[in-house]
Each structure stands twice: as structure tokens, then as C-alpha cells.
Amino acid sequence: MNDEEKGLTPEEFPEVLDQDESAAAAEGAGVAAVGDEAFQEELQNLQQEITRFKELYLRKLADFDNYRKRQEREMGEFRRYAKAELMRDCLPVLDNLERALAVPGGDGSGLREGVELVLKQFKEVLGRHGLAEVDPIDQPFDPTQHEAISRNEAPGVSEPTVVQVLQKGYVMGERLIRPALVIVAVPLTVAAQDVPEPDSEESNGQDHRN
């Protein structure tokens, strides 16, 4: 029997055990090193992704800020051009007013005709820009379009009806610009709450008249 076939003596056991533990430790260290390297690589990839998304976010934020500023600039230019168009259309009205006032004095009929012509022209200009009158004479009272400053009970009316317009109202498209100031006739049996009382000085109507 050769030396390899001989059994180990008790004295040789600790040395063999130490060798096995060293080999296992070395193998574990190698596995840990490989795992740590993979972790570091994954961490680096994640950091690169974070940096890329941060740059993308900042770029999009800058693009949106530029878009917002461009929109504000374009809206400002649009408002200026819209006003310029209206003012340009009003210039002939001013010209005619000046011509009417430049007519030599007389019986006043020429001045009246000139003012009537200017008024007609001015209404046409405003109409082209979407402004329309609210003249509700003899129409049912509509609190969304009219502002009653007086109401009078009257026979012969079946519902609150506008009998006099003191100041015309105006709408632009479907938007009310100014309500019409009206006097309303109500049936004798209509309760007071069916038609608003005339507004006081603190009412919204006062603001419209201003």
C-alpha cells in the first residue's frame, strides 16, 4: 500500500481542514468579487440613465418655457393687431365727424345729416367687428339681457314687457357687453319678485353705465 492509500494520522487532520477552508474562502471571495463588480456596473448604468433623463427633462422644460414665451408674444401681437384693425376702420368715422363740424353754421340741418351719416357708418364698422345692438322694445323682459330701472303695473300685458329703452345694450357674438336699460310694464297681478326692483347706485347696472 502506497502513501496515498494510507490513512491520515490525527496530526494531519487540522492541516487538511485548513486547506479546505482556505479553498472555500478563496472561492467565496471570487464569487463576491464577481457579484460586487456586477453591482457596480449596474449602479453605473442606473446613474447614466438618471443623468440622461435629467438632461431630457431640462431640455423639455426649456422647450416648454420657450413655447410659453412665444405664445405670450404672439397673443400680445394679436391683440395689438386686432385693436389696430378696429382703429383703422374707425378712422373714416373720425374724418366724417371732422368734416361735419367744419361745415359753416346755418340752420343746422346739414350738421344733423352729417352726424346721422357718421352714426350709420360707425354702426356698420362696429357691426363688421361683431358688435350688435340689444333693442328690446315691446319684447318680454329678459333679466339676462336687460336691466330694469323701473317697473309699472299696466293693464293689457300678460307678462313683464319692455315698454321703453333708455339705453341700448350690446352683444358681441353670444357674449353680453352691456345690458339694455329698460322700463318694464307688468300685469296688475304680477308679484313684485317676478321683476327685479330698480338697481341702486351700488348695483351692477351702475358699473355697466360706467
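Each reported figure results from applying straightforward, stated rules to the coordinates on display, with no laboratory input. These numbers were taken from a predicted model, which means no experiment stands behind them. Every residue, glycine among them, receives a Cβ derived from its backbone with ideal geometry; neighbour counts consider all protein chains shown.
Full extension of the chain segment joining residue 167 with residue 70 gains 30.7 nm, where the gain is 0.36 nm per residue of separation less the Cα-Cα distance. Computed extension gain for residue 150 through residue 175, at 0.36 nm per residue and net of the alpha carbon distance, reaches 6.5 nm.
Net charge of the neighbourhood of residue 61, taken over other residues with C-beta under 14 Å away and scored Lys/Arg +1, Asp/Glu -1, is +2. A full extension of the chain between residue 128 and residue 115 corresponds to an added length of 2.7 nm, given 0.36 nm per residue minus the alpha carbon distance. Residue by residue, region 122-128 carries 3J(HN,Hα) couplings of 5, 5, 5, 4, 5, x, 5 Hz when phi is fed to the Karplus relation 6.51 cos²θ - 1.76 cosθ + 1.60 (θ = phi - 60°); x denotes Gly or Pro. Proximity of backbone amide H atoms, modeled 1.01 Å from N, is registered between residue 134 and 169, 170, 171 at under 5 Å, excluding neighbours fewer than 5 places apart on the same chain.
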